[in-house]
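In what follows, a structure is listed as structure tokens, so that the remarks can point back to it.
Please treat every number below as a calculation from the coordinates, not as lab data. Being a predicted model, the structure only gives us computed values, none of them experimental. Virtual Cβ from ideal backbone geometry, glycine too; neighbours counted across all protein chains shown.
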Amino acid sequence: MFQNTKCECGHQNPTGTVLCEYCGKPLVEDLPLDSPLEMRYDGVARRSQKDNPALIDRVWNFFSSVKIAVYLIVITLIGAAIGTIYPQESTFINLDDPAQYYRDTYGTWGAVYQALGFSRTYESWWFIGLLVMIGTSLVVCSLDRVLPLYKALSKQQVRKHLTFINRQQTVYKAKLEQNPEEWTESFAKQLKRKHYKVKIEGTALLAEKNRFSRWGPYINHIGLIIFLLAVLGRGVPAWHMDQYVSMDEGQTKQIPNTNYYVKNEDFTVEYYKDEELPDNLKGTARAKLYETKAVLYECTADCDDPIKEPVLTEVDRHDIQVNSPLSYKGLKLYQYNYEQRIRLITVKPMLVDSRTGEKYGPFELPMSNPPLTYTAGPYTLKLSDVYPDFGMDEQNRPMTKSRDPNNPAFVFIVTGPGLDESGEIYIYFPLPNAEDKQLQQMINASFQKSGNNSGRFSFEVGKMENVSFSEYTTYLNVRVDRAMPYIWVGAAISMIGLVMGFYWHHRRVWLRIDDGILTLGAHTNKNTFGIRSEVAGALKKTGIEVDPKALDNRRNTR
Amino acid sequence: MNWLSISSNAFIIAFFLYCFSFIGFCIAIGGRRWSNRDVEAHKKRWARIGFVLAILGWVSHLVFFFTRWKGGGHIPTSNMYEFMTFLGMAIMFAFIVVYLIYRTALLGAFATPLVVIIIAYASVFPSEVQPLIPALNSIWLKVHVTTAAAGEAFFAVSFAAALVQLLRVVDFSSKEKSAVRQQRGVEWVLIFIIVIIGFLVSVFGFRAGGYSAEFRQENFEIDQQGQELDSVQSVKYDLPPIVAPYNSETVHMTSFLGMEQPLFEAPSWMNGVNAGRKLNTVIWSIISGAILYGIARLIARKPLAAVIHPHLDGIDPEDLDEISYRAIAIGFPVFTLGALIFAMIWAQIAWSRFWGWDPKEVWALITWLFYSAYLHLRLSRGWQGTKSAWLAVIGFIVVLFTLIGVNLVIAGLHSYAGV
Ligand code: HEM
């Protein structure tokens, strides 16, 4: 396309210019007649409108097109919507065979959905790719426009071409009855009272306000870019950690892959009282508040030594509730969940000699990390086996079903006066339920049968004070998210840009008086209604009555 | 009298004031042709009456809100009933703001019925004050819900203005393809609204008649440990069961017009008892909507849009275009702040992640992307007039889907109990 870019006023414009940079006369011949001018970037040329684009220019042009941007936005929107049809795989905590699960739960469509990868939409390469492309588009589009716009707005001419004025959205044209200079002065005064900055050259006038609002969209876009970069940055492993720790009351656990340990000193739940509940919920237990009294420790010595206990130093403590995490140097511990589950912490049983009825002890037996030897009176107990979650395998041999202390059992070798050198073997179930007691008796009896003990000893806890137990298990979610500050900064910048761009409007008024004929044009990027009533108001104060609506130059177009 | 009963009385007063306000605005527009009147004076007078009634209704609505807050002990935005009434209040606020800028009675005639429908819809849900679960007990949640609703309210006003604009500019005399398409499109929007009214009519009608039915459904499931779970769920219907839940048995059922048994059973892919009930509700809404629409068509003998069209000729479509756009321009930053940024802050504090791709979150993002597409198209592709009006109409449907549809169709962390 060949286009003459030299204006009749003598100014040589860059290729792609729509309105002469100097006087505003339209340069493109085929602009639709008598419609308002396209004022978007004041008609200046942008980089993407260069002649003979090279490859890099073509990429640039692709991303600088708002049309492409809208396509990207719409495709992202549709992709995001498809991702909500069935639950995402990431919402299940453990899903061994997703394909199977989707087929079973959602039928054929579910299977197809899963096979096409929509069950992982938001982690998929194409979705992230779209976000990256939006980011690129944001950068390129903004750069492509903001510089030319800045230049155009900082070198505006006061006296504009008549065509330029006549073809604004808001136009007033009439014979002026008053003295041109005096009227211009008084009109300028009116505009100044409305906070316009006014420049006058003879009988030509340019008034402008709120130019800064033009930068709003760009500031918004910068914020969005920062936000997007931060979101992508969360993919960097060192920036992101997401772990779960479950603890019974009184338990201390290491936070996986860190030097930190956390202790659950106490867990409490408060339920709604019946009178606080509506009728249909009365009598049900509804949690009102739950809280973990947590202590955070840092390991300061012997951390990786498998033999020694690590040395822990308290660094922080906090009562963690749902909306109130513990936060220490970028590490955050959130209340994630809890479960009511009775777990023993320690018991203090006594060794009972059933022949004499004499009791020895008590000795202290902690459920986690129990020591290897105990003394009860003259007797020594050596721990030979521990089953945290006791069960029997197919051959009826004792085994542990898991590492969780759901149903602990301890096997002791008792030695002491009157006993064999090799000692006697007894099993002990500290949980006070009948089933366990029966099991204990049965197993001990079978030990007796095979000659491993004489059936002389049993165990007894006696008073409740000798048992300490945890009623709840708390689940904490441990997070590190180093990108968060950038996320918030990006969001804040974006918001500032939005407010600037939407709650203030850039307004400009041009006028010139030629042979007693006043030609006035006004432009705003938003709220034409507002500028019309502002112009009509100012005209009225200078003695020209005009209905704001009559200023609208768009009447004849649709 | 305690706070909660003051509150529910204020709610009823607000409801009626809104209805009267609607009538006022209608008279302002429709009564222009009444004989021997000064058209401008008539319009001004009745528009003023409509607006004053709207303000009074809104004040009463505020009374409802704050007394319920006082009586319930927490801000009433935590279940569907409370949220929808709050949304109605926010739309009224947005309407008042936009009305004060542009002063068009037409906007009132379309925004007030929208509010009436929304608060009637709210009343379908149980209105008891419910206790909060701990995650909801956060200042950020309050800030989030209120600002998000405020943003959405401006979108609602934009929808009202865009709908008037479409009704105003669509050419009902033309048989051209594009004109016919527009005519159909506008008519379908009206039908959509009438179906919602049909829903309200059937729910309140059968509720007033004390209708009920109950079903039981037994469910076998195999959980992840390979154990069989057997659960029995039951569900109560307020509407006569045209569709029963899949594989269910009737516990009891009031007969309706000789109908003693459900006519159909929901298809098997509709999991759970509630899916059957929701499907039944949808069918009833469509039936009653169709009846209402049929009656209206019989009376009017032409498309409803064509009935409304001639009453709207007093206003410039450009002004409506501007109002619709301006409402979005005001609402967009508010929505961004409320529905996305505050939501992220709250999610970060309560759930330890600022974003979790929960369906509700995703739909808030979709809404936001949709309106940003609208803004870009308008700004740089010159999509103004009818094109942008269509987008504003569709945009509000997206908003409604985010607020209601997601709860009905897809459930997530945010889901309130749905009808
Ligand atoms: C795909 C990448 C994007 C590109 C290339 C892009 C480009 C643009 C451009 C060129 C403008 C015109 C600025 C002006 O002339 O004053 C604009 C305006 C704007 N953009 Fe974007 N944009 C993108 C994404 C977004 C997104 C995701 C949002 C979400 C909020 C957004 C929000 C806005 C807003 C609010 C405006 C101002 C609109 C108005 O004043 O009516 N943009 N954008």
Quiz item: Over segment A:349-460, what is the relative contact order in whole percent, taking alpha-carbon pairs under 8 Å and six or more residues apart?
Solution: 23 percent
Quiz item: Using a simple spin-label model with points 7 Å from Cα along the Cα→Cβ vector, what separation in nm is obtained for residue A:105 and residue B:397?
Solution: 3.0 nm
Quiz item: Cα to Cα, under 20 Å, and not fewer than 8 places away if on the same chain: which lysines meet these conditions relative to residue B:278?
Solution: B:236, B:360
Quiz item: Assuming R0 = 51 Å, what is the FRET efficiency of residue A:449 and residue A:471, from their Cβ-Cβ distance, to the nearest 0.05?
Solution: 0.85
Practice problem: Given a cut-off of 19 Å, name the pairs among A:253/A:293; A:192/A:540; A:348/A:401; A:308/A:348; A:67/A:160; A:155/A:199 whose C-alpha atoms lie farther apart than that in the structure shown. | Solution: A:348/A:401; A:308/A:348; A:67/A:160
Exercise. Take the Cα radius of gyration of segment A:402-558 and divide it by 2.2 N^0.38 Å, with N its residue count; two decimals is plenty.
Key: 3.02
Quiz item: Among A:195, B:42, which comes first, second and so on when ranked by fewest other beta-carbon atoms within 10 Å?
Solution: A:195, B:42
Quiz item: In debye, nearest 20: dipole of the protein assembly as shown around its Cα centre with unit charges on the Cβ of K, R (+) and D, E (-)?
Solution: 5780 debye
Quiz prompt | Debye intensity ratio in log₁₀ form over the Cα atoms of the protein assembly as shown, taken at each q of 0.04, 0.07, 0.09 Å⁻¹ | solution = -0.29, -0.78, -1.14
Practice problem: Please tell me the relative contact order of segment A:47-153 in percent, rounded to the nearest whole number, where contacts are Cα pairs under 8 Å and at least six residues apart. | Solution: 36 percent
Quiz item: Does anyone have the angle between helix B:177-208 and the longest principal axis of chain B? Alpha-carbon axes, 0 to 90°, nearest 10?
Solution: 50 degrees
Exercise. Could you please rank B:324, B:212, placing first whichever residue has the fewest other Cβ atoms within 10 Å of its Cβ?
Key: B:212, B:324
Quiz item: In deg cm²/dmol and to the nearest 500, what is the mean residue ellipticity at 222 nm of chain B if only DSSP H runs of at least 4 residues count, each as -39500 (n - 2.57), divided by the residue total?
Solution: -22000 deg cm²/dmol
Quiz item: What is the list of residues in segment A:259-288 whose amide nitrogen lies under 18 Å from a point 7 angstrom out from the Cα of residue A:340, following Cα to Cβ?
Solution: A:267-277, A:281-288
Exercise. Please work out whether segment A:47-153 counts as rounded, prolate or oblate from its C-alpha gyration tensor, where a ≥ b ≥ c are the square roots of the eigenvalues and a/c under 1.5 means rounded, while otherwise a/b larger than b/c means prolate and anything else oblate?
Key: prolate
Quiz prompt | Ranking of A:118, A:457 by count of other Cβ atoms within 10 Å, fewest first | solution = A:118, A:457
Practice problem: In debye, nearest 20, what is the charge dipole magnitude of segment A:124-210 about its Cα centre with +1 on Lys and Arg Cβ and -1 on Asp and Glu Cβ, if you could check? | Solution: 100 debye
Quiz item: Hey, can you list the DSSP H helices of chain A whose Cα span along the axis is 27 Å or longer and whose average Kyte-Doolittle score is at least -1.0?
Solution: A:125-154, A:484-503
Quiz item: How much length is gained if the chain between residue B:8 and residue B:218 is pulled fully straight, taking 0.36 nm per residue apart and subtracting their Cα-Cα distance, in nm to one decimal?
Solution: 71.7 nm
Quiz item: Relative to the longest principal Cα axis of chain B, at what angle does helix B:80-102 sit, 0 to 90 degrees, rounded to 10?
Solution: 10 degrees
Quiz prompt | Projected label distance in nm at residue A:422 and residue B:192, using a 7 Å step from Cα toward the beta-carbon | solution = 8.5 nm
Quiz item: Relative contact order for chain A using alpha-carbon pairs under 8 Å, separation at least 6, rounded to a whole percent?
Solution: 19 percent
Quiz item: For chain A, what is the mean residue ellipticity at 222 nm derived from helices alone (per DSSP H run of n ≥ 4: -39500 (n - 2.57); sum divided by total residues; nearest 500 deg cm²/dmol)?
Solution: -9500 deg cm²/dmol
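Assign one of three labels to segment B:287-349, namely rounded, prolate or oblate, based on the Cα gyration tensor with a ≥ b ≥ c the square roots of its eigenvalues; rounded applies when a/c is under 1.5, prolate when it is not and a/b is larger than b/c, and oblate otherwise.
Details: a/c = 8.48, a/b = 1.78, b/c = 4.76.
It is oblate, given that a/c is not under 1.5 and a/b is not larger than b/c.
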Quiz item: At a Förster radius of 41 Å, what calculated FRET efficiency corresponds to the Cβ-Cβ distance of residue A:258 and residue A:115, to the nearest 0.05?
Solution: 0.60
Quiz item: What aspartates and glutamates could a cross-link reach from residue B:43, if we take a straight Cα to Cα line under 18 Å and drop same-chain neighbours fewer than 8 places away?
Solution: B:313, B:316, B:319
Quiz prompt | Formal net charge of residues neighbouring residue A:282 (Cβ-Cβ distance under 12 Å; K, R +1; D, E -1) | solution = -3
Exercise. Answer rounded, prolate or oblate for chain B, using the Cα gyration tensor with square roots of eigenvalues a ≥ b ≥ c: rounded when a/c is under 1.5, else prolate when a/b is larger than b/c, else oblate.
Key: prolate
Self-check item: Extension gain from residue A:496 to residue A:54, taking 0.36 nm per residue of separation minus the Cα-Cα distance
Solution: 155.5 nm
Quiz prompt | FRET efficiency for residue A:192 and residue A:279, using Cβ-Cβ distance with R0 set to 56 Å, rounded to 0.05 | solution = 0.25
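Note down the net charge around residue B:64, summing +1 for each Lys or Arg and -1 for each Asp or Glu among other residues with Cβ under 14 Å from its Cβ.
Values: positive: B:68, B:70; negative: B:82.
Summing Lys/Arg as +1 and Asp/Glu as -1 gives +1.
If you wrap a convex hull around the alpha carbons of chain A, what volume per residue comes out, as a whole number of Å³?
On the way: hull volume 157.9 nm³, N = 558.
It is 283 Å³ per residue.
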Self-check item: Spin-label model distance (nm) - residue B:103 vs residue A:128, 7 Å beyond Cα toward Cβ
Solution: 5.7 nm
